[in-house]
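*Asks:* The structure is given below, and queries will be raised subsequently.
The values are calculated or read from the model by the stated rules, or taken from the named source; none is laboratory data. As the structure is a computational prediction, the values presented were derived from the model and not from experiment. All Cβ positions, even for glycine, are placed from backbone atoms using ideal geometry, and neighbour counts span all protein chains on display. Heads up: the accessible areas ignore ligands, DNA and RNA and are worked out on the full protein's heavy atoms, side chains in. Shrake-Rupley method; radii C 1.70, N 1.55, O 1.52, S 1.80 Å.
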Amino acid sequence: MTKVLFATSNPHKLKEANDVGKGFGIEFEQLKVPYPELRDEDVGKVAEDGAKHVYSIVKKPLVVDDTGLYIDALNGFPGPYSAYVFKKIGCPGIIRLMNCIADRGAVFVSAVGYCDGKELKVFRGECKGTIIEEMRGPQVFGYDPIFLPDGEKKTFAEDDIIKDRVSHRRKSFEAFCRWYLTKNPGK
Ligand code: ITT
C-alpha cells in the first residue's frame, strides 16, 4: 500500500477516502494539523490554500478535502460555509430555510488539494441531488440525512454503499488517486 497523508479532523472523510484508495493500493493516513480556511466561493481554492498551508508546516506531501453543499434555491448557500452553518443550524435549520421552496436541487462539491512542495493540484468531484423535507437515516455525518442523490431512493445517511459509489468524495479522490499513481508509477 502506498501511504498518503490526509490532513483532516473528520473521521468520516478519512474512511470514505480510504474506501476509494483501497481500489488503487493507496492508504490515507490521518494528519491532525488544523489549518485556517480561506474564505472563497470555490472549495477548490480553499483546498488549494489549505494543502499549501499544511505543507509549509509538515514539509511532507499531503492532501486536504474541503467540501461544500451548494443549494440552488439559496444561491449556492451554504457552499464553502457548510461547516459553520452545520454547527449553527444543522440539518433541521436547512430544512426550515427550505420550507415552502419547490426547487430542492443541490450539489455537493468535494475538492481534494494536494501539495508536495513542487506541485499544487486540485481534484474536484460533484454529486447532484435534492434536499428532502425530513431527515432520513442516522445523523452521523453532516448533511447526509437530508441529501438524496439523483437517481437513488435512499439518502446518503441511509445507504453508505450508494454514497461510496456516487458521491462527490468518490469522484474527487478517484481523480486524485489516478493522477497520483501516474505520477508515482511502481510506488
Ligand atoms: P476538515 O477537518 O477536513 O476540514 P470538516 O468536517 O471541518 O473537516 P469541511 O470544512 O469540508 O470539513 O466542512 C464541510 C461541512 O459539510 C461539515 O459540516 C461536514 O459535516 C459537512 N460535510 C462535508 N462532507 C460531507 C458529506 O460527504 N456528507 C455530508 N456532510 C458533509
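*Asks:* Give me the extension gain from Met1 to Leu97: residue separation times 0.36 nm, minus the current Cα-Cα distance, reported in nm with one decimal.
*Replies:* 30.1 nm
*Asks:* Here's something else I'd like to know. So for the range 58-129, averaging the separation of alpha carbon pairs under 8 Å that are six or more residues apart and normalising by length, what relative contact order in percent results?
*Replies:* Once divided by the residue count of the range 58-129, the mean separation gives 38 percent.
*Asks:* Could you compute how much accessible surface Phe141 exposes when probed at 1.4 Å, giving the result in Å² to the nearest 10?
*Replies:* About 40 Å², ignoring ligands and nucleic acids.
*Asks:* Order Tyr35, Tyr143, most accessible first, counting only protein heavy atoms with a 1.4 angstrom probe.
*Replies:* Tyr35, Tyr143
*Asks:* Would you mind counting up the charge near Val58? Only other residues with Cβ under 14 Å from its Cβ, with Lys and Arg at +1 and Asp and Glu at -1.
*Replies:* Overall, the nearby charge balance is +3.
*Asks:* Which trypsin sites (Lys or Arg not before Pro) in the range 11-94 pass both tests, a DSSP loop state and at most 13 other beta-carbon atoms within 10 Å?
*Replies:* Lys32, Arg39, Lys59
*Asks:* Dipole magnitude of the range 1-65 about its Cα centre, charges +1 at Lys/Arg Cβ and -1 at Asp/Glu Cβ only, in debye to the nearest 20?
*Replies:* Dipole size: approximately 360 debye.
*Asks:* Determine, from the Cβ-Cβ distance of Gln139 and Lys59 and an R0 of 41 Å, the FRET efficiency 1/(1 + (r/R0)^6), rounded to the nearest 0.05.
*Replies:* 0.60
*Asks:* Could you work out the relative contact order of the chain? I mean the mean sequence separation of Cα pairs under 8 Å and 6+ apart, divided by the number of residues, in percent.
*Replies:* Worked out over the chain, it gives 20 percent.
*Asks:* Per 0.36 nm of contour for each residue apart, how much would the distance between Lys154 and Asn10 grow if the chain were fully extended, relative to their Cα-Cα spacing?
*Replies:* 49.5 nm
*Asks:* Could you tell me what percent of the DSSP beta bridges with both partners in the chain are antiparallel, to the nearest 5?
*Replies:* 75 percent
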